[in-house]
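Coordinate-derived values only; no laboratory data. Worth saying up front: this structure is predicted, and the values here are computed from it rather than measured. We place every Cβ from the backbone using ideal geometry, glycine too, and count neighbours over all the protein chains shown.
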Amino acid sequence: MKIMFTCGGTGGHIYPAIALYEAFRKRHKHIDYLFVGSDYGLEKDIMKAEGIPIECIKSRGIKRSLSLSNIKSGIYNFIAFFQAKKIISRFKPDLVISTGAYPTFHITYFAIKKNIPVFLIESNNMPGFITRLFSNKAKKVFVSSTMTLKYLKNQSNIEIVGTPLRIVKTHKEIEQILQEQNLNKEEKIVTVIGGSCGSEKINECLMDMINYREINYQMIWATGKKNYNSIMEGLKKEHNKVKVMPYINNMNEILKITDLIICRAGAMTIEEIKAFGIPAILVPFAKATDNHQYINALELKNAGVAEILEEKNVDANVLYEKINTVIAHEEVLEVMKKNYEVIKANHSKEKIVEIIWEEMRGK
């Protein structure tokens, strides 16, 4: 059997595909695999680092406003049609797994046109363009929650399984992690992340808080690599309770010791929070397509495990007060942790592999 994965653009579309790839290889070793993505996104570098075979086509996103760059993107996408058709004709996949975003359009289109079974993975609660466009033709559409159902007309092929997650749980004890991070086990820990690139809005608030307010808890703050130097220059004082770093490489360890997390609401971030059951204050990225991060955040807010602060309403005072309101009350944290029992992340990648395998056995 031959399986083709098409993914790309951002980590939220790439890592679910890698998680499924690893789950397939664990159960079915004698299968040929090929990844196809864009030569423009993160996937090329990520796959190279992972040692995963990938071919790249010249797919590009189209801006939803008048822009001269759309002309160039249109030319590249025209070329990508021929590239995708050639790759499918040569590799001859028995099935295609598509995780959405612009790099997947061409492969998904030709797979459906050639009657190759297509399985769509939708990580966001609000389905993206690729899922909405091809869901009626797909063999199965795997979604993360019931919130997605209201956005898709055909629900006969939908499976609610959660998002394929690639987290390696650490075997280190909490005490060891705290010692390595030079943190005190007697005080609460607030972790702040804004994605790999950081969040300008969250960073501004944190800098103001640290410079002008008393911090009564320990804090781990990932600024994003491009922001780190300017943040360090802008801090007016050292704070022995705050650890500032450009990026968190050992996220599984940090999440294990975190009492409260401040972060965006991308699909993978939401799944990681659910996997570790961490009370959260979510600041959805206001410019996310179709405001899908806010829709993602609603799932956690409705379950009583997170608070939402919209970017337009956030400043240092608002964030400072919200953190203090949650972190200072043990009973609030305990209720939020307990509420995770209802929406705790499941073994979605194993379920997806099993469902796909059963579908293909019939074929």
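Some values worked out for this structure:
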item: Tilt relative to the chain, helix 316-327 - C-alpha long axis, 0 to 90 degrees, to 10; result: 90
item: Integer Hz, Karplus 6.51/-1.76/1.60 couplings in order for region 232-245, x for Gly and Pro; result: 5, 5, x, 6, 7, 8, 7, 10, 6, 9, 10, 9, 9, 9
item: Positive minus negative residues near Lys92 (Lys, Arg vs Asp, Glu; Cβ under 10 Å); result: +1
item: Principal-axis tilt of helix 267-276 within the chain, Cα atoms, nearest 10 degrees; result: 60
item: Between region 1-59 and region 64-98, the Cα center-to-center distance that results, in Å; result: 16
item: Length added when fully stretched, Glu321-Ser89, from 0.36 nm per residue minus Cα-Cα; result: 77.7 nm
item: MRE, 222 nm, helices only [DSSP H, n ≥ 4, -39500 (n - 2.57), over the chain, to nearest 500]; result: -13500 deg cm²/dmol
item: Percent RCO, i.e. relative contact order, over region 1-148, from Cα pairs under 8 Å lying at least 6 residues apart; result: 25
item: For the chain: relative contact order, % (alpha-carbon pairs under 8 angstrom, 6 or more apart); result: 14
item: Hydrodynamic radius of region 174-343 per Kirkwood, over alpha carbon pairs, in Å; result: 16.1
item: Rg(Cα) / (2.2 N^0.38 Å) computed for the chain, rounded to two decimals; result: 1.04
item: Subset of Lys92/Lys349; Lys237/Lys287; Lys85/Lys150; Lys2/Lys349; Lys63/Lys140 violating a 21 Å alpha-carbon distance limit; result: Lys92/Lys349; Lys237/Lys287; Lys85/Lys150; Lys63/Lys140
item: Angle between the chain longest axis and helix 69-91 axis [Cα atoms, degrees, rounded to 10]; result: 60
item: Hydrodynamic radius (Kirkwood) for region 282-363, which is based on Cα pairs only, to one decimal in Å; result: 15.5
item: Total formal charge among the other residues, if their Cβ is under 11 angstrom from that of Met268, Lys/Arg +1 and Asp/Glu -1; result: +1
item: Peptides 133-143, 179-189, 259-269 ordered by average Cβ neighbours within 10 Å, highest first; result: 259-269, 133-143, 179-189
item: Distance between region 167-188 and region 235-309 - C-alpha centres, whole angstrom; result: 18
item: Modelled FRET efficiency - R0 30 Å, Lys312 with Met1, Cβ distances, 0.05 increments; result: 0.05
item: Where only C-alpha atoms are counted, convex hull volume of region 219-318 per residue in Å³; result: 124
item: Nonlocal amide H pairs with Met126, under 5 Å, H built at 1.01 Å; result: Asn296
item: Nitroxide proxy distance, nm - points 7 Å out along Cα→Cβ at Lys72 and Glu334; result: 5.8
item: Computed over region 147-266: relative contact order in percent, which uses C-alpha pairs under 8 Å that are six or more apart; result: 32
item: Distance (nanometres) between label positions extended 7 Å along Cα→Cβ at Lys172 and Met245; result: 0.8
item: Net charge of neighbours whose Cβ lies under 11 Å from the Cβ of Lys241, counting Lys and Arg as +1 and Asp and Glu as -1; result: -1
item: In range of the label at Ser65: residues from region 237-266 whose backbone nitrogen is under 19 Å from the point 7 Å along Cα→Cβ; result: none
item: Relative packing of 98-106, 283-291, 3-11, which averages over residues the other C-beta atoms within 10 Å, highest first; result: 98-106, 3-11, 283-291
item: Under the Karplus curve 6.51 cos²θ - 1.76 cosθ + 1.60, θ = phi - 60°, whole-Hz ³J(HN,Hα) for region 8-21, x wherever Gly or Pro sits; result: x, x, 10, x, x, 9, 8, 5, x, 5, 5, 4, 5, 4
item: Whole-Hz ³J(HN,Hα) from phi, Karplus 6.51 cos²θ - 1.76 cosθ + 1.60, for region 133-148, glycine and proline x; result: 6, 10, 4, 5, 9, 6, 5, 9, 10, 9, 10, 8, 7, 5, 4, 6
item: When region 51-108 is reduced to its Cα atoms, the Kirkwood hydrodynamic radius in Å; result: 12.5
